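To start, the structure itself, in structure tokens.
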Amino acid sequence: MHHSIKGHLVFVLHAHLPFVRHPGYDTPFIEENWLNEAILETYIPLIRVFRNLKKESVRFRITMSFTPTLSQMLVDPYLQNQFRKYIKNLISLANHETKRTKSDPHLHYLATRYLEHFLDTESIFEEANGDLTKLFLPFIESGELEAMTSPATHAFLPFYDSEKSVFRSQLKNGRRTFRRIWGRDPKGIWLSECGYTESLEEELDREGFRYFFVDTHGITHASPRPKFGVYAPVEVGYGVFAFGRDPESSKQVWSSIDGYPGDFRYREYYRDIGHDLPWEDISPYLHSNGIRINTSIKYYRITGKTGDKGYYHPDWAMEAAGNHAEDFLRNRIKQAEHLYATNKQPSVVVSPYDAELYGHWWYEGPQFIEFLFKKIHFNQNTIILSHPMEAARDLPRVQSVEMKMSSWGENGYGDVWLNDTNDWIYPLIHDLSIRMHKRVHEFGSGTETQIRILKQMGRELLLLQSSDWAFIMKTGTMVEYAVRRTNVHTNLFLTLEAMLTGPIDLTVLEAAEAENNAFPDIRPEDFR
């Protein structure tokens, strides 16, 4: 392939949100803002970055997973309208801010920048009438962006080892949803939370997936022990490849102690005018039922541990992003040279991150990516950006191994998603998954209405299996919402199940279909 190349950098962003969609309620669900914030701060900024790179003819490669729940939300007309309202509201807030800050030149400058940023965001959003998948597609078609799917609702698969119908329904609907929305079959899959468990590769192969990702120890604990560690993919059976996370490049970005996003020049996430301004100034713009929430207008930079923050200087922050891109690249080159000397073959360095880190948490993250990709293109020829299978093809041979269960997250196994804050949900999910499997066998060739009921039971079950509810319970924010979602899907499932053999309440069925309208093409046999 590229014979002077000493290493491949596989840069991976995992874009995911749980399915949050609540039309027709009097009280707004502030959780619907998760999607709005991600569109404003992460997805549209990434589209801007890709366009800038394209405009300057920079060859780049980036791999992203768009989870089925997120993909469905991006194409949903109700949620698109929610974003329209959200961005219009921010535009009027920013307009108000440019007037309120007249007497402070620095704040006035920042308010004006926000106003321009929001207007530009709105115009990009409307280019494809609110369907952002259409704006990512050109980059998929030209080969710069490789898109993957994930299990249907981001279920943590290792917990369902004993109930294989969960694997099947999650993987089938993950693939089918991706195909419907993105118009192609995904080659790769992002296993939720990098949760791998033995024998999963057989199920992946059945759905046509060629590769997935694991955390570092997923590879290093494999047997036989992989000769090149995480710096080469391994084959785990059925011609399915596993790529392991490079701890070094992850830590440079993630680490709260010495990671880039902690630089004092960057924007401070936790100082938002939604919390800082007097209630009478800000409340007309919050639409949150009397609680203070983030507006994403933030005027301060990080400036250390003190409460006394300095104002944000966009030009200082850009300089920091440039410095950090430079540093990141220098480290990757050093790493590639060292590994090439040791292994006598190009290394494959996999740097996976949650997409929301770039832009939402680390405001300058997208700019960092743009700088990094430009520097890789113009300033060196030691490493090259590659998609996973491109990198694998450049290696002389790939080792076959067997892997054990692993995940990313604290302690590297299942602790985050199974502990005393959330363990009560799993007996429920297991019980319902087993019942679903049984009911499909009993009623899978039943009446039209029974099939319709089974399909909605399947939707409720998949939504119940989302790893997000357990994660939220563990982190302790928005817990009420996660508990509520767990209970709602459980109760709906049981109510619907009773209709298979008893009286049918069409209003309940129709209401469930209207609100939890994910996976329109679900099939009862997915749960066999």
Packing rank of 456-467, 401-412, 212-223, where each peptide gets the mean count of other beta carbons within 10 Å, highest leading: 456-467, 212-223, 401-412
5 angstrom amide H check on residue 198, placed H, neighbours 5+ away: 405
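Would you work out the relative contact order for the stretch 279-432, in percent, from Cα pairs under 8 angstrom that are 6 or more residues apart?
Working: 80 pairs, mean separation 25.1, N = 154.
Normalised by residue count, the contact order of the stretch 279-432 is 16 percent.
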Cβ-defined net charge surrounding residue 30, 11 Å radius [Lys, Arg +1; Asp, Glu -1]: -2
The stretch 1-83: C-alpha gyration tensor shape, a/c 1.5 cut-off, then a/b vs b/c: prolate
Residue order, fewest to most surrounding Cβ atoms within 10 angstrom, among 202, 116: 116, 202
Set of aspartates and glutamates near residue 374 by C-alpha distance (under 12 Å), chain-local residues within fewer than 8 positions excluded: 56, 326
Euclidean distance between Cα centres, the stretch 134-148 to the stretch 183-258, Å: 22
Kirkwood-based Rg to Rh ratio, the chain, C-alpha trace: 0.97
Hits among lysines - C-alpha to C-alpha of residue 99 under 19 Å, sequence gap 8 or more where chains match: 88, 298
Kyte-Doolittle mean at least -1.0 and Cα axial length at least 15 Å: DSSP H helices in the chain: 44-55, 105-127, 314-343, 365-378, 425-443, 448-464, 479-501
Sorted by Cβ neighbour density within 10 Å, fewest at the top, the residues 154, 489: 489, 154
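Once a ≥ b ≥ c are taken as the square roots of the eigenvalues of the Cα gyration tensor of the stretch 419-527, is the result rounded (a/c under 1.5), prolate (a/b larger than b/c) or oblate (a/b not larger than b/c)?
prolate
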For the stretch 383-436 and the stretch 462-528, distance of Cα centres in Å: 24
Residues of type lysines that residue 227 reaches as a straight line, Cα spacing below 21 Å, ignoring anything fewer than 8 places off in the same chain: 6, 334, 344, 404
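Computed from the coordinates by the stated procedures, all read-outs in this text should not be read as laboratory data. Nothing here was measured: the structure is a model prediction, and the numbers come from that model. Positions of Cβ are generated from backbone atoms using ideal geometry, with glycine treated the same way; all protein chains shown enter the neighbour counts.
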